[in-house]
Every structure is written in C-alpha cells, then in structure tokens.
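Have a look at the structure below, then the notes.
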Amino acid sequence: YSWTEALFDSGPFNGNDLPLVPRNKLSFSSTYKAGDFSFNLLGVYTGRRYTISDQDNSNRSLSGYTTVDFNVLYRKGNFMAQGGVKNIGATQYYDYGVASAFGPRVNVYPAPERQYFLKVEYLFTAK
C-alpha cells in the first residue's frame, strides 16, 4: 500500500494535487508453485486522481479502479510458456484523462478491458 500526497509547493497552484497521481494505491500478489508450473494472481487498486491538465483541480477527477490479473507459467529447461488473463473482471476504467480547454469537460482514454495473452520462449545457448 502507498499513500502519496503529491502537491504543488509554490506558484498559482500551490497546495493543489499533482495531476494523475493517486493518493491511494494498493497492490497484492500471490504465487503458487507446483513442479514446473507457477500460478500467479495480481491485484491493483488505484485511487482517484485529477486529469493531466487539471492543475487547479477544478474538473471531475478520474475514478479509482481495481484490476485483477491471473497467469500460469510453465518452465522446463530452456523452454518457457506463459498464458493468462489481464483484468479478469473486465473493469472499465481510465488510466489517462485530459481536462478540456473549452469548459468543464474531461476527455478520457479508456484502458483495455479483459485481455488474454500467450508467450512462448526458448533460450538457445552456445556450446
């Protein structure tokens, strides 16, 4: 867990929160190993934060969100395979947002919802 109070310390925005820096962030991970397999679970909570161009903290903030990822890794000698799911719950959230210069609008960039991945690797060694 981390609690961050990132504030401007001078100028016209003195005392305001720095944009895109959440006050609260929590992460956890757990790994279970069985033979050549590893099962990994990772969760991250990111608290609300202001958009990148909202130094005066006057627009709505980006909501906090939680994501959970899971993957399985198999390793045998020089071979490794890994597959998993990122954002298992398909949480809809925004990593990044910009305060509009034309009124109290916030333009957001949605982060990917549920994603699947597969990675295969073989390490060649010189003899």
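Below are the figures for this structure:
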{"quantity": "Gyration tensor (Cα) of the chain, equivalent ellipsoid semi-axes in angstrom", "calculated": "39, 16, 14"}
{"quantity": "Residue 14 paired with residue 78, simple spin-label distance in nm, labels 7 Å along Cα-to-beta-carbon", "calculated": "6.4"}
{"quantity": "Accessible surface of the range 1-72 [probe 1.4 Å, protein heavy atoms]: carbon and sulfur percent", "calculated": "53"}
{"quantity": "The chain - percent relative contact order, Cα under 8 Å, separation 6 or more", "calculated": "19"}
{"quantity": "Max mean-square fluctuation residue, GNM over the chain, Cα-Cα springs under 10 Å, options 91, 67, 31", "calculated": "31"}
{"quantity": "Computed FRET value (nearest 0.05) for residue 40 with residue 109, which takes r as the C-beta separation and R₀ as 25 Å", "calculated": "0.35"}
{"quantity": "Exposed chymotrypsin sites (Phe, Trp or Tyr not before Pro) absent - longest run of the chain, DSSP non-H/G/I/E/B, at most 11 other C-beta within 10 Å", "calculated": "2-101"}
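The values are calculated or read from the model by the stated rules, or taken from the named source; none is laboratory data. Quick caveat: nothing in here was measured; it's all calculated off a predicted structure. Note that we place each Cβ from the backbone using ideal geometry, even for glycine, and neighbour counts take in every protein chain shown. Note: accessible area is taken over every heavy atom of the protein model, side chains too, but ligands, DNA and RNA are not part of it. Shrake-Rupley method; radii C 1.70, N 1.55, O 1.52, S 1.80 Å.
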